[in-house]
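Here, each number is a calculation from the coordinates, and none is a lab measurement. As the structure is a computational prediction, the values presented were derived from the model and not from experiment. Positions of Cβ are backbone-derived with ideal geometry, glycine not excepted, and every protein chain shown enters the neighbour counts.
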């Protein structure tokens, strides 16, 4: 695949980034693929390893060596067809996927891995630019009607595959615009919402019907959906947020959830023609983000663009090493230190701190944290195997954003009304994506818990397959 000696001849080259000083002045995308010739050089680094660990690490099992070789041979159209054979929306994953395929690349054993994400985004954007991405018009349809609740990545992927199979698909969305977490939870500087609109328009042309501003609960399904549709596919995500449960925080002004913060900012950008202001503005404030994950980093980048006076991110876990632990070998995901693009923009990162309390009578003034000590041995670290030290400190704070992730799908409303079974983690209990209600299937974060966009796409695809198998058996 590629050029057999390419990985020895060419260095890894990342996508081009707009400089920090200019990109923090706007919310537009600032990371873009390089020229096709330079992307071909990156594809040449694919080493024909024999056993492609990269596509095994990819949740949708992209045929990575295949499209790498096709790009190297300048067969861009064939590369596009190879890519979409496993991934419905590479324009999303090429932008926001953390690319678990890359650390699993065989080249990564001795050098920096092939820039797979760079190549993927180049393929799909070339395809759009050259007019190869066209609606797949279905000529023969079944009499089956399927309702999909939720227009996030899982719902969109399921709708796409079920529509291609010839069924009549309608997607219901509670928000005014489609895309779910893609639209409302991910900042525009990582995923411009015109990219979502472009794909939604194609899906509509293919015959999928989208209905917005429709909150679907159990009563609505019983009274309206079941009478008109044969099956229901739930793709509502995991929206029950973890609480920052520390003394003094209840009813304190200036304390918000990450999704509350990000959704408000995204809505303001979407409705900028109406001059809608973000619900929570960090301008001139001392911002503290609690939580060290991707969502926390998104809050950091958003606060910086809003003009925060300072941004500090506090996380429980220790700062990871620059190299893998012996207990964390290739091709597993590396537990190594990583600075996201948001961290590059000016953020104080505080590792190994436990949040203890907040200061302030009516409005938050500071966050009290305590230093914790983790074992040096990675095996002994565990999830909560730390010791408290006597060191505490106070971090000045006007705006506290809790980015501790999600517990599970919401239980009130739809799940409770339909008496749907739950697993031990509070997610929807399914058997081959089928719930305890014979007419209801489910996929995505409702079933798996909060996860990657690419994992949700894979889940939606697999649910569509199981729905088709179920329909073929009756």
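Residues 463, 47, ranked from the fewest to the most other C-beta atoms within 10 Å, line up as 47, 463.
Sorting 169, 51, 263 from the fewest to the most surrounding beta carbons within 10 angstrom yields 51, 263, 169.
In the chain, the DSSP beta bridges split such that about 40 percent are antiparallel, to the nearest 5. Based on Cα contacts under 8 Å between residues 6+ apart, the range 6-129 shows a relative contact order of 31 percent.
Measuring nothing but how far apart in sequence close Cα pairs (under 8 Å, 6+ apart) lie, relative to its length, the chain scores a relative contact order of 16 percent. Our estimate of slack between residue 222 and residue 309, defined as 0.36 nm per intervening residue step minus the Cα-Cα distance, is 26.3 nm.
Residue separation of residue 109 and residue 37 scaled by 0.36 nm, minus their Cα-Cα distance, works out to 23.3 nm of gained length. Here the contact order of the range 182-267, divided by its residue count and restricted to Cα pairs under 8 Å and six or more residues apart, works out to 60 percent. Counting beta carbons within 10 Å around each of 199, 183 and listing the fewest first gives the order 199, 183.
Per-residue ellipticity at 222 nm from helix content only, as computed over the chain with -39500 (n - 2.57) for each DSSP H run of at least four residues, stands at -9000 deg cm²/dmol.
Here the chain is described by how far its Cα atoms reach on the three principal axes: 68, 63, 49 Å, from widest to narrowest. For the range 318-352, the residues whose backbone nitrogen is under 19 Å from a point 7 Å from the Cα of residue 22, taken along Cα to Cβ, are 341-342, 344-346.
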